[in-house]
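Everything on this sheet refers to the single structure shown next.
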Amino acid sequence: MTDTITIRAPDDWHVHLRDGAMLNAVLPFTARRFARAIVMPNLVPPVATTADADAYRARILAALPEDADFTPLMTAYLRDDTDADDIANGFRDGVLTAVKLYPAHATTNAAAGVTDIARVRPVLARMETIGMPLLIHGEDAGPEVDIFEREQVFVERRLAPLLHDFPGLKVVLEHLSTAIAVDFVRAHAPQLAGTITPHHLVETRNSMLGHGLRPHLYCMPVVKRESDRVALVAAATSGEACFFLGTDTAPHALGRKLAPVCAAGVFNAPVAIETYAEVFDKAGRLDRLEAFASLNGPRHYGLPVNERTITLVRAGWTAPREATVEGPEGRVAAYRGGETIAWQVSGAA
Ligand code: DOR
Ligand code: ZN
């Protein structure tokens, strides 16, 4: 039985770091485990321009623990009125790594998202020309679309035509949640890749809803059926280059999770790489963790892989129940808080 595994340092291709006191509270969990992370722009107001991203990056760097070796990779929030020149300049100057498309109203702070993909065609055409990746929250949140079918409907009605119209555009379909999306990514690689979260590899709508309603497992896209989870595990552990790690760690203050209208998001940063290691171990595929966590992402983004390594060891530890926010927001409950986790990162606090 393998008890220790050393891999190139992993990157997280999808994180919500928030801002202010919440940023200070949650950033260390990501920065101690991952070398780089793609930072989501859905602040209020959104990180929409190169100047916004530059300022947000400075706030993140200022909040980093002193001993951290971590690089935030910034994204811009695509809006109907996004200026293609500004985005292209930000990419050229190394401020922006990618652009994020939220369909309007699809998820948390997506009110300013794209109302109709036709409106952003000039920006997409420019990104295609300069090789700038487009990251997509792939859900159609139209009132007639069943919540469990939002991803499938988006993939069929919006993503397929988009890939067809912009064949040179590099795309990431974020947080895959269905077997249908897994198959679609496979069929459209290498133009398209998909990220997979720890919670979509572990949880189902049964674990979220079947034994009492568990608000801390509620996220967008919502976790699906067992057959979807099995397909996601098979994809993540397949070693295929089109699947890679993106935690979608998305902290919300306890008061917002336990409210009558519960905020969507799972704060998994304290146990993310450790949970992936457990999943790969259970599948008998620890040998493919490095491809998923550290190699496939940089390849899709056209970035170098990390030179330094991390070591994961099979040694049970108790996951922290929450992170403390030094401000009015209070506490954030952590995914798997209080559970015994079978793997840990050697040296991570
Ligand atoms: O569950 C989610 N939470 N999904 C998203 O797409 C956004 C995120 C957030 O920002 O809280
Ligand atoms: Zn997200």
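One residue stands out among those in the stretch 243-291 that are touching a Leu at 6+ places or on another chain (Cβ under 9 Å) and among the polar types (S, T, N, Q): the one that is farthest from residue 30 (Cα to Cα), which is 275.
When the criteria are applied in full, residue 144 fails the requirement of being without any contact (Cβ under 8 Å) to a residue 60 or more places away in the chain and either assigned to a helix (DSSP H, G or I) or small (Gly, Ala, Ser) (or both). Within the stretch 62-85, if we keep just the residues that are touching a helix residue (DSSP H, G or I) at 6+ places or on another chain (Cβ under 7 Å) and assigned to a loop (DSSP other than H, G, I, E, B), the residue that is surrounded by the most Cβ atoms within 10 Å (Cβ to Cβ) turns out to be 78. For residue 330, indicate whether it is in contact (Cβ under 8 Å) with a residue 60 or more places away in the chain and at positive phi. Here the answer is yes, as residue 330 does meet what is asked.
Filtered by the rule that a residue be under 21 Å from residue 104 (Cβ atoms) and part of a loop (DSSP other than H, G, I, E, B), the stretch 34-61 gives 40, 41, 42, 43, 44, 45, 46, 47, 48, 49. With the requirement that a residue be more than 16 Å from residue 91 (Cα to Cα) and under 20 Å from the mean Cα position of the chain (by Cα), what does the stretch 46-58 give you? Selection gives 46 alone.
Kindly indicate whether any position in the stretch 43-66 is within 15 Å of ligand 2 (Cβ to nearest atom) and either touching a strand residue (DSSP E or B) at 6+ places or on another chain (Cβ under 8 Å) or aromatic (Phe, Trp, Tyr) (or both). Yes, the stretch 43-66 contains a residue that is within 15 Å of ligand 2 (Cβ to nearest atom) and either touching a strand residue (DSSP E or B) at 6+ places or on another chain (Cβ under 8 Å) or aromatic (Phe, Trp, Tyr) (or both).
Scanning the stretch 333-349 for residues that are touching a helix residue (DSSP H, G or I) at 6+ places or on another chain (Cβ under 9 Å) and at positive phi gives a single hit, 336. If the requirement is being touching a residue at least 12 places away in the same chain (Cβ under 8 Å), closer than 18 Å to residue 148 by Cβ, surrounded by 23 or more Cβ atoms within 10 Å (Cβ to Cβ) and small (Gly, Ala, Ser), which of these qualifies: 231, 181, 236? Checking each option against the conditions leaves just 181. When the stretch 10-27 is filtered for residues that are part of a loop (DSSP other than H, G, I, E, B) and away from ligand 2 (no atom under 16 Å from the Cβ), only 10 remains. Only one entry in 104, 88 is under 26 Å from residue 159 (Cα atoms) and either open to solvent by 70 Å² or more (accessible area, probe 1.4 Å) or within 16 Å of ligand 1 (Cβ to nearest atom) (or both), namely 104. Exactly one residue out of 338, 297 is open to solvent by 10 Å² or more (accessible area, probe 1.4 Å), modelled with pLDDT of 95 or more and either touching a strand residue (DSSP E or B) at 6+ places or on another chain (Cβ under 9 Å) or among the acidic types (Asp, Glu) (or both), and it is 338. Quick one: is residue 284 open to solvent by 10 Å² or more (accessible area, probe 1.4 Å), free of Cβ contacts under 8 Å to residues at least 40 places away in the same chain and more than 16 Å from ligand 2 (Cβ to nearest atom)? The answer is yes for residue 284.
Among the residues of the stretch 89-108, those identified as in contact with a strand residue (DSSP E or B) (Cβ under 9 Å, 6 or more places away or on another chain), in contact (Cβ under 8 Å) with a residue 40 or more places away in the chain and not hydroxyl-bearing (Ser, Thr, Tyr) are 90, 91, 95, 96, 98, 100, 103. Just wondering, is there one or more residues in the stretch 250-269 that are buried (at least 22 other Cβ atoms within 10 Å of the Cβ), away from ligand 1 (no atom under 15 Å from the Cβ) and at negative phi? No, the stretch 250-269 contains no residue that is buried (at least 22 other Cβ atoms within 10 Å of the Cβ), away from ligand 1 (no atom under 15 Å from the Cβ) and at negative phi. Here residue 31 passes the criteria (1) within 14 Å of ligand 2 (Cβ to nearest atom); (2) touching a Phe, Trp or Tyr at 6+ places or on another chain (Cβ under 6 Å) except the one numbered (1).
The values are calculated or read from the model by the stated rules, or taken from the named source; none is laboratory data. Every value quoted in this text rests on a predicted model; they were computed, and no experiment measured them. Please note: Cβ atoms are built from the backbone with ideal geometry, for glycine as well, and neighbour counts cover all protein chains shown. For accessibility, only protein heavy atoms count, side chains too; no ligands or nucleic acids. Shrake-Rupley method; radii C 1.70, N 1.55, O 1.52, S 1.80 Å.
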